[in-house]
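Asks: Take this structure, written in structure tokens, and hold onto it; I'll ask about it next.
The values are calculated or read from the model by the stated rules, or taken from the named source; none is laboratory data. Here the structure is a predicted model, which is why all the values come from computation and not from measurement. Heavy atoms of the whole protein, side chains included, go into the accessibility calculation; ligands, DNA and RNA do not. Shrake-Rupley method; radii C 1.70, N 1.55, O 1.52, S 1.80 Å.
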Amino acid sequence: MGQPPLILFHLKLVAKISLAVGALAALVLLAVLRLISGPTGETYGAIVHLHSLTREHLGLAMLLAGLLLVAASAVMTWLIAYYSSFRVAGPLYRFGQNLDLARMGSAGAPLGLRRGDPLGRQARAVERAIATVRAHHDALASASADAAQAAAAADPARYAGALARLKALDARVRL
């Protein structure tokens, strides 16, 4: 059946992280309530005293718990952003390297993407574009060499044919 779409993978990852942050929030809330509640008293005076201590420390405890949860959420969000940008920046870096190799005239194979990288369709389009530019450059060099040989041999018919090829190649790249 094939691999699931990449967006589905990211949604599952975000759902898992959201569930983990929610579970962490519940655990922190329970821990804060446990810490500020202390042992239960049997007398009315002990219960009133415990209630006043709880109200006194509840604000600070909830502030600290909130800060902890915000920090955990920030770290999780940063990890998701870092992972997602790495999955996009990697292919873009390889595209740039492939274009630099093509610009320098390297005949080697272009750098491939890692398995699972997004932008596979775009990578194939860049490879086709590089191949097209290389073929055009080779045809242009061949036609230019033919024109130079015809000019040196003083053969007007051959020179006119080579010039027509050069003009046709030039017309292909002009829009």
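Asks: Among the residues of segment 51-83, what is the count of those that are open to solvent by 80 Å² or more (accessible area, probe 1.4 Å) and either at pLDDT below 75 or of a type in the set (D, E, K, R) (or both)?
Replies: 4
Asks: Further question on the same structure: Quick test for you: out of Val32, Val48, Val28, pick the one residue that is part of a helix (DSSP H, G or I), among the aliphatic types (A, V, I, L, M) and at pLDDT 75 or above. Even if it seems obvious, please write down each step before you answer.
Replies: On the way: Val32 fails: at pLDDT 75 or above; Val48 fails: at pLDDT 75 or above.
Just a single option satisfies the conditions, and that option is Val28.
Asks: A further question on this structure: Quick check on this structure: which one of Arg128, Arg158, Arg115 is more than 30 Å from Val28 (Cα to Cα), open to solvent by 80 Å² or more (accessible area, probe 1.4 Å), part of a loop (DSSP other than H, G, I, E, B) and basic (Lys, Arg)? Talk me through it step by step, then tell me what you get.
Replies: On the way: Arg128 fails: part of a loop (DSSP other than H, G, I, E, B); Arg158 fails: part of a loop (DSSP other than H, G, I, E, B).
Arg115 is the lone residue from the list that is more than 30 Å from Val28 (Cα to Cα), open to solvent by 80 Å² or more (accessible area, probe 1.4 Å), part of a loop (DSSP other than H, G, I, E, B) and basic (Lys, Arg).
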